[in-house]
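> Once you've had a glance at the structure underneath, I'll fire off some questions.
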Amino acid sequence: MTWNVHIRYEGYERRREVGRHSRALSRTALCAFVLLAAFTVAGCQGSGGRPSASVRIGFALGTLVQVRAYAHGEQADKAVREAFARIEEVEALMSANVPSSDIAAVNRKAGGLPTRVAGDTLYVVKRAREYGDLSHGRFDAAIGPLVRLWGIGTDHAKLPSPEEIAAARSLVDYRDVEVDESAGTVRLRKAGMALDLGAIAKGFAADRAAEALVNRGVRSAFIDLGGNILVVGSRPDGSPWRVGIQDPWKERGATFAVVPVRNMAVVSSGTYERFFEQGGKRYHHIIDPDTGYPAETGIVSATVLARHAVDADALSTTVFLLGPSDGMKLITRLAGVEAVVVTDDRQVIISPGLRGVIEISTGWTVRFYGLEDVQES
Ligand code: ADP
Ligand code: MG
């Protein structure tokens with residue numbers, strides 16, 4: 001289900017962004033709004049008008065999706081419609097819950113014959129396998145049996161018995177996912193195995209959406225798939241997009257940090273996303289394939305910045321699973337990738353590349369990974 005919202009007034013659109021992403025920095029943002037408004041008026045009086053915005057909100061891949069794009073004439077609308085079509089295609093191919101999807105077909109044939117899948121599906125499964133290797137098996141695209149068992153985020157979430165966990169765990173191993181690129185097939189070696197691309201498909205969908213926008217001439221856009229953010233270019237006035245990072249202890253939309261970015265994905269994984277509570281304990285949706293239980297690494301949220309959302313999405317889950325130390329070690333090894341980790345004792349650990357870039361609200365203890373000094377913001 002999608003609906004189109006035509007934003008005619010720049011001022012209205014600016015206020016929405018201020019409210020969503022930058023509660024703590026609202027004064028700064030308000031100043032930016034006033035400046036932008038002035039700039040816009042000047043722009044209108046100049047050489048033939050500013051680009052118009054098209055915004056569309058819908059529901060796909062189990063989450064709220066928003067695409068906002070700027071282009072001249074009718075192009076913005078067309079581009080945004082196309083971006084949504086791409087996202088819906090990814091859902092139709094890769095959702096484990098859509099019976100006609102590639103992934104559902106692969107899962108049905110687990111232990112049997114290989115399944116021919118679309119090129120996009122093959123690519124995402126292949127990338128997920130790479131992240132399995134990179135994380136020494138913590139990121140596991142064959143996590144399906146454990147995800148189903150826990151049912152976190154569904155109306156049948158429950159604490160499974162140790163026997164159920166052991167049985168499901170024995171079916172989870174991404175190395176038993178066979179990808180045959182020349183045949184274009186995927187096969188799961190054991191009956192009962194199941195792929196789940198929940199930690200990577202949204203990122204891939206965002207990349208596809210961005211590609212559609214750029215092909216339609218859009219040079220400025222903001223894509224949000226349930227907190228998986230991908231920005232195209234800069235804001236229409238040429239300044240960077242300002243992406244807020246969720247405060248894990250506050251209501252949705254309340255942020256503790258802002259990163260100014262251009263052409264970048266910013267994706268968070270956290271215990272606050274989907275969970276249930278029982279006996280005073282929180283059970284969240286990122287499962288450690290070794291224990292079969294929600295991962296307890298001391299991280300409450302991991303945010304990764306990367307050029308492509310497919311990487312940022314997979315890496316945010318990977319860092320979460322690896323924990324603060326191994327997670328940050330991995331990030332600093334990767335070129336063009338940055339991360340922000342929040343631990344359960346309210347520490348913020350940031351990769352050194354974000355020093356002087358990221359803006360943190362007051363009251364946080366901040367450490368740049370690999371550097372000695374601790375800062376109080
Ligand atoms: P969100 O979907 O909330 O943005 P993530 O990107 O971190 O969060 O993905 C979490 C989802 O990934 C889970 O809902 C599940 O579908 C899947 N998942 C859970 N544990 C793992 C794991 N160890 N490896 C890969 N995927 C996982
Ligand atoms: Mg992820």
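The values are calculated or read from the model by the stated rules, or taken from the named source; none is laboratory data. These figures come from a predicted structure and were not determined experimentally. Heads up, the Cβs are rebuilt from the backbone with ideal geometry, glycines too, and the neighbour counts pull from every protein chain shown. We work out accessible area using only protein heavy atoms, side chains counted, and drop any ligands, DNA or RNA first. Shrake-Rupley method; radii C 1.70, N 1.55, O 1.52, S 1.80 Å.
> Of all GluC sites (Glu not before Pro) in the stretch 212-302, which ones are in loop regions per DSSP and have a Cβ with at most 16 other Cβ atoms within 10 Å?
Counting only loop positions with at most 16 other Cβ atoms within 10 Å, the GluC sites (Glu not before Pro) in the stretch 212-302 are GLU251, GLU296.
> Mean-square fluctuation check for the chain, GNM, Cα pairs under 10 Å: which of ALA141, ALA168, ALA335 is largest?
Of the options given, ALA335 has the highest mean-square fluctuation.
> Could you compute the FRET efficiency for GLU89 and ARG333, with r as their C-beta to C-beta distance and R0 at 25 Å, rounded to 0.05?
Efficiency for this residue pair is about 0.15.
> Would you mind checking the tilt of helix 119-134 against the longest principal axis of the Cα atoms of the chain, expressed as 0 to 90 degrees and rounded to 10?
Rounded to the nearest ten degrees, it is 80.
> When only alpha-carbon atoms are used, what values of Rg and Dmax, in angstrom, describe the chain?
Cα only, the chain: 21.1, 71 Å (Rg, Dmax).
> Let me ask something additional. Report the gain in length on full extension from VAL357 to ARG81: 0.36 nm times residue separation, minus Cα-Cα distance, nm rounded to one decimal.
96.0 nm
> With r defined as the distance between the Cβ atoms of GLN375 and LEU113 and R0 fixed at 45 Å, what FRET efficiency is calculated, to the nearest 0.05?
0.20
> Please calculate how many Å² of accessible area the chain carries per residue, with a 1.4 Å probe and no DNA, RNA or ligand atoms counted.
Each residue of the chain exposes 45 Å² on average to a 1.4 Å probe.
> Per residue of the stretch 157-162, what does 6.51 cos²θ - 1.76 cosθ + 1.60 with θ = phi - 60° give for ³J(HN,Hα)? Whole Hz please, x for Gly and Pro, Karplus curve as stated.
3J(HN,Hα) across the stretch 157-162, in whole Hz: 5, 7, 8, x, 7, x.
> For the stretch 102-188, restrict the atom set to alpha-carbon positions and state the Rg and Dmax in Å.
Looking at the stretch 102-188, its Cα Rg and Dmax stand at 13.8, 42 Å.
> Any idea how far the Cα center of the stretch 95-165 sits from the one of the stretch 296-331, in Å?
Here the answer is 20 Å between Cα centres.
> Give the ranking of THR332, THR255 by solvent-accessible surface, highest area first, calculated with a 1.4 Å probe.
So the residues, ranked largest to smallest area, are THR332, THR255.
> Continuing with this model, one more query. Please compute the modelled spin-label separation between SER161 and GLU178, points set 7 Å along Cα→Cβ, answer in nm with one decimal.
With each label point 7 Å from Cα toward Cβ, the separation is 3.4 nm.
> Arranged from highest to lowest average of other beta-carbon atoms within 10 Å per residue, in what order do the peptides 188-195, 299-306 appear?
Ranked by mean Cβ neighbours within 10 Å, highest first: 299-306, 188-195.
> Once the Cα atoms of helix 309-322 and of the chain are each reduced to a long axis, what angle between those two axes, in degrees from 0 to 90 to the nearest 10, is obtained?
60
> Still on this model: Stokes-Einstein at 37 °C, 0.692 mPa s, Kirkwood radius from Cα pairs: D for the stretch 240-377 in µm² s⁻¹?
For these conditions, the coefficient is 217 µm²/s.
> May I ask you to give the percent of accessible area on the stretch 148-302 that is carbon plus sulfur, with a probe radius of 1.4 Å?
Carbon and sulfur together cover 47 percent of it.
> Between the DSSP loop rule and a limit of at most 13 other Cβ atoms within 10 Å, which GluC sites (Glu not before Pro) in the stretch 157-215 are left?
Here the sparse-neighbourhood loop sites are GLU181.
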